[in-house]
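A quick write-up on the structure given underneath.
The values are calculated or read from the model by the stated rules, or taken from the named source; none is laboratory data. Keep in mind it's a predicted model, so treat the numbers as computed, not measured. We place every Cβ from the backbone using ideal geometry, glycine too, and count neighbours over all the protein chains shown. These accessible areas exclude ligands, DNA and RNA; they are computed on the full protein's heavy atoms, side chains included. Shrake-Rupley method; radii C 1.70, N 1.55, O 1.52, S 1.80 Å.
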Amino acid sequence: MPVSTSTVKYTRTCSALYSNRRSQPRTVSNGRPSRAAIVLAPAPDAFQTSAAPITSARSTRLTSTNTGRSTQRLHSALRASQMRHLPLVEEAMGRQALALLRQLEAACASADDLAEAAVQAFEAHAGAEIITGFPGLGPLSGARVLAEIGDDRTRFADARGLKAYAGSAPVTRACGKSVFVAARRVKNQRQAGVGYTWAFSAMAHPEGARAHYDRRREAGDRHAAAQRNLFNRMIGCLHHCLAHHVPFNEAVAFPTSREPVLPSPLDTFFASDVFLPASKPRDV
């Protein structure tokens, strides 16, 4: 629903309530204290003319949050001085803000109900435990992955088909001696979107996923290419685990040893044993 910029920014209070929250996870429930604070003071005069003063304790109780930085931020934003409009303009914009807030509350409630229903349906699936066993996948992101790839194990003959469908596998074109490798553009955009967040969240595990990402960065890949390569590795492992009904094993997916181990008989070979001496040229 498009919201007028003048409606949201008509007062410094409304914009301050939703600012400086980049350190918090972006979920629907995190906006409840700010929305409740707008109900307490939809216009600048509501804070001073309210019959019951909006104290820190009252703002804590009405916003259903614990005392701390969140409550202190809301209380400071409500008390901050700001530029004012005419009284009738402030009252009209305050009523419009409350009307928009009621629509936002309905949308947030619907999103919460949909998320709860999706999690319940996902947890009842046979492959839910395997999917959530992967680093970076939770109930909601796992439900998105399962919804896109489906539960028909014969849909993709091998992992390469799933990688191409998700857009993680690159496109390679060769013509003569020239080879061109580029990112895949034709793909399932929803699967690629959840794959981006999946790989980003998986990088919080330094032993496997993060080490793989760092190796790709050291090899010269940019951030997007290295993250896409990590997603390519993870979705290939997911195809294997779902096809064989085995849990995710980080030691197998991301082996720590990268150097090849040669068999012991080759250690005694010399160059003369491998390369034959050049034959003498014939006399013409």
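What the table below lists for this structure:
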read-out	value
R0 of 22 Å, Cβ-Cβ distance His125-Asp158: FRET efficiency to nearest 0.05	0.45
Per residue, in Å², the accessible surface of the stretch 120-179 once ligands and nucleic acids are set aside, probe 1.4 Å	58 Å²
Prolate/oblate/rounded call for the stretch 116-161, Cα gyration tensor, a/c under 1.5 rounded	prolate
Accessible-area composition of the stretch 75-226, carbon plus sulfur, in percent [1.4 Å probe]	57 percent
Positive-pole candidate from Gly150, Pro139, His125, dipole of the stretch 122-164, charges at beta carbon	Gly150
Per residue value of the accessible surface for the stretch 180-261 (all protein chains in place, 1.4 Å probe), Å²	61 Å²
Spin-label model distance (nm) - Asp112 vs Arg95, 7 Å beyond Cα toward Cβ	2.8 nm
Spacing of the two label points (7 Å from each Cα toward its C-beta) at Gln103 and Arg173, in nm	4.5 nm
Prolate/oblate/rounded call for the stretch 131-241, Cα gyration tensor, a/c under 1.5 rounded	oblate
